[in-house]
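Here the structure comes first, spelled out in structure tokens, and everything after it is commentary.
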Amino acid sequence: MGKYTKLLGSAVALCSLANVANADDIKIGYINKMGDHPWFVAEVVGAKKAAEAAGASLVSQDVQFNADMAITAVDTMIGDGVKGIAIVVPDRGIGPVIAARAKEAGVKLVAVDDDIYHEDGTKVPFVGLDSYNIGLAVGDELSNLYKASGWDASTVKIASIEDRKADTCMLRNKGAEDAFLEANPEFKREDIARVAYDNTMVNSIDVMTTTLTANPQITNWIFYSCNDDGVLGAARAMENSGYAPENGIGVGIDGSRACDAFGNDRESAFKGTMWFNPENQGKVAVNLLLGAIKDGKELPENTYSSPELVNMSNFADYKERLCN
């Protein structure tokens, strides 16, 4: 995991919070694309905690992957008097529209999780993950697990479970792929199974089941995706298709399904996840906005989080945070 850079810690949030005072007249808006997903639920919780701690108010809106609803939510919040907006866009293509409306209204804007840009190509201040480097961390761990498995490479196939409409997803997959192939040159890029999915665990089960059926000669599978849903879905597909837990190696990203994977102490092909505390991202986004609004601080272009590997062996240390 030494290939990615740690650029964000709790000190950022604490420092920002310490410098924001008497913000009771400030209202912040928080828009997220999938409000019933554990990751985004936690982000909003963190955002609310940060606002409350600073004496500000926060209004949030779940737009359920609807781009039109996201634009409407921005307009509504601006009309409601917010001074800053943090947004997880459902579609990066609406970025220039969102950025233009915030700029015209004089509202501070931070993009969370998915980066967006102004019409002229300049980046909206971003809080989130460095997607490619997170993928490198996944690829490193997959390589470690593969080398420890003792598998003959001729029995192994790699599956890249891809949400092709999401640049963030594809960057994570590319990082995982590049790191694994660099460490294991016996595998070739052209032999990887490209498995398209819609970013949900149910669909990952379906598409991976189809992939397994199409490759009956393969004994062992290595797989990765841009989130836990993609990886746990693939692990469930293997289990449903009669594969033993030791015949699969998958490492997820985000930790949102760690409790499902490890909570019953039953081994599966889901071997680990790169976990981020999503509450911190919500907190940091709000604190950055408050610092810019109240103290005139410049919003940094990028504020990145760093992952922690959660697996069966250390799950007890994370259980309280991940299984609430």
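The values are calculated or read from the model by the stated rules, or taken from the named source; none is laboratory data. The structure presented is a predicted model; accordingly, all values stated were derived computationally and were not measured. Ideal geometry is used to build each Cβ from the backbone, glycine not excepted, and the neighbour counts take in all protein chains shown.
Scanning the stretch 199-208 turns up one or more residues that are among the charged types (D, E, K, R) and surrounded by fewer than 20 Cβ atoms within 10 Å (Cβ to Cβ).
State whether one or more residues within the stretch 126-145 are under 30 Å from Thr209 (Cβ atoms) and free of Cβ contacts under 8 Å to residues at least 12 places away in the same chain. Yes, the conditions are met somewhere in the stretch 126-145. Of the residues contained in the stretch 40-63, one or more are found to be under 18 Å from Asn199 (Cβ atoms) and either among the hydroxyl-bearing types (Ser, Thr, Tyr) or part of a loop (DSSP other than H, G, I, E, B) (or both).
I'm trying to understand the selection: among the residues of the stretch 272-320, which are touching a strand residue (DSSP E or B) at 6+ places or on another chain (Cβ under 6 Å) and assigned to a loop (DSSP other than H, G, I, E, B)? Within the stretch 272-320, Phe276, Glu301, Pro307, Asn311 qualify. Scanning the stretch 154-201 for residues that are out of contact with any Asp or Glu (no Cβ under 7 Å at 6 or more places or on another chain), part of a helix (DSSP H, G or I) and of a type in the set (Gly, Ala, Ser) turns up Ser154, Gly175, Ala176, Ala183.
Does Ala86 satisfy being touching a helix residue (DSSP H, G or I) at 6+ places or on another chain (Cβ under 7 Å), buried (at least 23 other Cβ atoms within 10 Å of the Cβ), closer than 29 Å to Leu322 by Cα and without any contact (Cβ under 8 Å) to a residue 40 or more places away in the chain? Taking the combined requirement at face value, the residue does not satisfy it. Can you find a residue that is assigned by TED's automatic domain parsing to the domain that holds Asn203, out of contact with any Ser or Thr (no Cβ under 9 Å at 6 or more places or on another chain) and of a type in the set (A, V, I, L, M) anywhere in the stretch 252-263? No, that holds for no residue.
Just one of the numbered conditions (1) loosely packed, with under 14 Cβ neighbours inside 10 Å; (2) modelled with pLDDT under 95 is not true of Cys169: (1). Candidates Val251, Val231: the one that is in contact with a Gly (Cβ under 7 Å, 6 or more places away or on another chain), assigned to a helix (DSSP H, G or I) and not aromatic (Phe, Trp, Tyr) is Val231.
Do the conditions hold for Ile85, that is, is it out of contact with any Phe, Trp or Tyr (no Cβ under 7 Å at 6 or more places or on another chain) and either polar (S, T, N, Q) or assigned to a strand (DSSP E or B) (or both)?
Numbers: out of contact with any Phe, Trp or Tyr (no Cβ under 7 Å at 6 or more places or on another chain): yes; either polar (S, T, N, Q) or assigned to a strand (DSSP E or B) (or both): yes.
Considered against the rule, which asks whether it is out of contact with any Phe, Trp or Tyr (no Cβ under 7 Å at 6 or more places or on another chain) and either polar (S, T, N, Q) or assigned to a strand (DSSP E or B) (or both), Ile85 comes out as yes.
Here Asn173 meets each of (1) without any contact (Cβ under 8 Å) to a residue 40 or more places away in the chain; (2) within 30 Å of Gly95 (Cα to Cα) with one exception, condition (1). Scanning the stretch 131-153 for residues that are of a type in the set (A, V, I, L, M, F, W, C) and in a helix (DSSP H, G or I) returns Ile134, Leu136, Ala137, Val138, Leu142, Leu145, Ala148, Ala153.
Based on what the data block shows, is Asp152 under 29 Å from Ala285 (Cα atoms), out of contact with any Lys or Arg (no Cβ under 6 Å at 6 or more places or on another chain) and not aliphatic (A, V, I, L, M)?
Numbers: under 29 Å from Ala285 (Cα atoms): no; out of contact with any Lys or Arg (no Cβ under 6 Å at 6 or more places or on another chain): yes; not aliphatic (A, V, I, L, M): yes.
In short, no.
Scanning the stretch 116-143 for residues that are surrounded by fewer than 16 Cβ atoms within 10 Å (Cβ to Cβ) and out of contact with any strand residue (DSSP E or B) (no Cβ under 9 Å at 6 or more places or on another chain) yields Glu119, Asp120, Gly121, Thr122.
Any chance the stretch 278-292 includes a residue that's surrounded by fewer than 20 Cβ atoms within 10 Å (Cβ to Cβ), over 12 Å from Ile161 (Cβ atoms) and in contact (Cβ under 8 Å) with a residue 24 or more places away in the chain?
Of the stretch 278-292, the ones surrounded by fewer than 20 Cβ atoms within 10 Å (Cβ to Cβ) are none.
No, because not a single residue in the stretch 278-292 is surrounded by fewer than 20 Cβ atoms within 10 Å (Cβ to Cβ), over 12 Å from Ile161 (Cβ atoms) and in contact (Cβ under 8 Å) with a residue 24 or more places away in the chain.
With respect to the conditions (1) within 13 Å of Pro38 (Cβ to Cβ); (2) crowded, with 18+ Cβ neighbours inside 10 Å, Gly248 falls short on a single one, namely (1). Note on the stretch 97-115: residues that are in contact with a Phe, Trp or Tyr (Cβ under 8 Å, 6 or more places away or on another chain) and either surrounded by fewer than 22 Cβ atoms within 10 Å (Cβ to Cβ) or at pLDDT below 95 (or both) amount to 1.
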